[in-house]
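Reviewing the structure listed below.
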Amino acid sequence: MHQILEISTYITLTFAILLVANVLTQLWLNSRQARHVWTHRDHVPSAFASDVSLAAHQKAADYTLAKLRLSNLDVFVSHAVLLGWTLMGGLDAMNQWLLASLGSGMTQQIALLTGVVVLGSLIELPFAWWRTFKLEAAFGFNKTTPALWLSDLAKSAVLGAALGLPLAWVALWLMGAAGSYWWLYVWAVWASFNALMLFVYPKWIAPRFNKFEPLTREDVKASANALIEACGFKAEGLFVMDGSRRSAHANAYFTGFGKSKRVVFFDTLLDRLSVKEVNAVLAHELGHFAHQHIRKRIIGLFALSALALAALSWFASQLWFYVGLGVLPDVGGPNDALALILFMFMLPLVTFFVSPLLAGFSRKDEFEADAYACQHAEASALASALTKLYNDNASTLTPDPVYTRFYASHPAAMERITRITAPAHP
């Protein structure tokens, strides 16, 4: 018992150090970004001077600063909540209350998972509301109504329960019944579920939130189909999504897998870009498939999830893991839900410091997709399309380099446009 208490003390200390390090690092990165954006607020970079007005550049700076202020508050609240759940005894109190009310077993474990998810969602709700109806609205981006927002919220909750609860039940049952290699069976179920979602989501889930109609603009349709055929790509069709119903932001993306792949354009994107520019954006997305970026990311995600579940299987069997994070496990019953929750609490504190590596891989993929687009469409059209999207979405053209290297999944605007317009590209 003395050894368990000693190791649990180290776990508590490690957790506290990671939590403080996360908070300080995030606040430091945010402060760097804010200072850099503010310093360059009154000067449009020369490469964009002919296409982006000073007023638009200042709007992008102010929008970025507003998001950073909200991010700082979110950092404090989310980590305070995490501390409350763990070392301050919140999770232990809920677990003990549910044990006293429901007894030990699957019902109690599902209730514990549900309680943590619901309370976490309720705490996040004011941030989501403020982000939509205050921050986004202040800069002219929000188009949704309170009724639509609540409808989306209700649909998401029902969908989450319909999909998440059965999946959680299967995972917890396997953790208790499948022996020491339960993690391998849980991984197989999780991977199969995610693979199935690649086919199910585009056809049956996404349409519950947005309207997807076949592309009818003949000029865009003819150009896009010619490009898709030239690239040897097969898709179920070209669709337009009513993104303007909720936001003024513009985008385009691929969804699905295999024969269920769809090319989706936001209606806002089609309103702002020329045919050549739409084609260039489409060529960029095709570049991701040509280089198999999506497949590689899925394989990488599956591999990392297997490692995480293997680690969880070991931690779940250690008493000091629970005690060190402020929880007393049920000695006579299953603690699988408890172990899963604690592991999910601690994992982001560790993976946060790995995120720059993953972001770097993502930026590399974006450069490769840009290069592919420049081979199959006009480089100047891609550059002008991106510039319009930066401008219309109020994306800052002057991000802090360190902040970008740590977080950004896409290269900074200046770096990206410079590569696209370099003489090496046709």
task = Would you mind telling me which residue in Pro356, Pro214, Pro202 has the biggest mean-square fluctuation in a Gaussian network model of the chain, where springs connect alpha carbons within a distance under 10 angstrom?
result = Pro214
request  = Evaluate the relative contact order of segment 1-72 (contact order divided by residue number), counting alpha-carbon pairs under 8 angstrom at least 6 apart; express in whole percent.
outcome  = 33
query = So what are the ³J(HN,Hα) numbers for segment 271-279, from phi and the Karplus equation (6.51, -1.76, 1.60; θ = phi - 60°), rounded to whole Hz, Gly and Pro as x?
reply = 6, 10, 10, 6, 4, 5, 5, 4, 4
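Using the 10 angstrom Cβ neighbour count as an exposure proxy, how do Leu349, Leu338 rank, fewest first? Please list the in-between numbers first.
Values: Leu349 19, Leu338 25.
Ascending Cβ contact count within 10 Å gives the list Leu349, Leu338.
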note = Relative contact order of the chain (C-alpha contacts under 8 Å, at least 6 apart) in percent is 25
message = Taking the number of other C-beta atoms within 10 Å as the exposure measure, put Tyr253, Tyr322 in order starting with the fewest.
response = Tyr253, Tyr322
task = Run the dipole for segment 208-328 about the Cα centre, Lys and Arg Cβ at +1, Asp and Glu Cβ at -1, nothing else charged, and hand back the magnitude in debye, nearest 20.
result = 280
ask   = What nm value, rounded to one decimal, do you get for the distance between Arg405 and Ile4 when each label is placed 7 Å out toward the C-beta?
value = 4.5
key: Nonlocal amide H pairs with Val240, under 5 Å, H built at 1.01 Å   = Glu213, Leu215, Phe265
request  = Treating the angle as unsigned and between 0 and 90°, give the value, to the nearest 10°, between the Cα long axis of helix 293-315 and the longest Cα principal axis of the chain.
outcome  = 10
Per-residue ³J(HN,Hα) for segment 261-268, Karplus 6.51 cos²θ - 1.76 cosθ + 1.60, θ = phi - 60°, Hz, x for Gly and Pro = 4, 10, 9, 10, 10, 5, 4, 5
task = Evaluate the distance, in nm, between pseudo-label points positioned 7 Å from the Cα of Ala80 and of Thr351 along their respective Cα→Cβ axes.
result = 2.6
query = Once the Cα atoms of helix 2-39 and of the chain are each reduced to a long axis, what angle between those two axes, in degrees from 0 to 90 to the nearest 10, is obtained?
reply = 20
task = Provide Arg69, Arg363 in ascending order of the number of other Cβ atoms located within 10 Å of each residue's Cβ, fewest first.
result = Arg69, Arg363
message = Taking R0 as 56 Å, what FRET efficiency do you get between Ala161 and Glu229 from their Cβ-Cβ distance, rounded to the nearest 0.05?
response = 0.85
message = Give me a comma-separated list of calculated 3J(HN,Hα) values for segment 339-354, in order, Karplus coefficients 6.51, -1.76, 1.60 applied at θ = phi - 60°, integers in Hz, x for any Gly or Pro.
response = 4, 4, 5, 4, 5, 5, 5, 7, 4, x, 5, 7, 5, 3, 7, 9
request  = List every residue whose amide H lies under 5 Å from the amide H of Ser247, counting only residues 5 or more places away in sequence or on a different chain, with H placed 1.01 Å from N in the peptide plane.
outcome  = Lys143
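Nearest-5 percent of antiparallel DSSP beta bridges in the chain?
Numbers: 8 of 13 bridges.
That works out to approximately 60 percent antiparallel.
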key: Options Pro329, Val402, Phe76, ranked by Cα towards positive dipole end of the chain, top entry (Cβ charges)   = Val402
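When the chain is fully extended, how far beyond the present Cα-Cα distance does Lys59 get from Phe212, taking 0.36 nm per residue of separation?
Length difference between fully extended and current span is 52.0 nm.
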query = Between [x] 57, 52, 46; [y] 72, 54, 51; [z] 70, 48, 44, which matches Cα extents along the principal axes in Å calculated for the structure shown?
reply = [z]
query = Between the helical axis of 146-177 and the dominant principal axis of the chain, each derived from Cα atoms, what acute angle in degrees is found, rounded to the nearest 10?
reply = 50
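For Ser305 and Phe367 in the same chain, what is the full-extension length gain: residue separation times 0.36 nm, less their Cα-Cα distance, in nm? Intermediate results must be reported in sequence, preceding the final value.
Working: separation 62, 0.36 × 62 = 22.32 nm, distance 2.66 nm.
Residue separation times 0.36 nm, minus the Cα-Cα distance, leaves 19.7 nm.
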request  = Between Ala339, Ala377, Ala47, find the one with the highest GNM mean-square fluctuation for the chain; connect C-alpha pairs within less than 10 Å.
outcome  = Ala47
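Just so you know, all these numbers are worked out from the coordinates, no wet-lab data involved. Because the structure is a prediction, the values reported are computed rather than measured. Every residue, glycine as well, gets a Cβ built from its backbone with ideal geometry; the counts of neighbours run over all protein chains shown.
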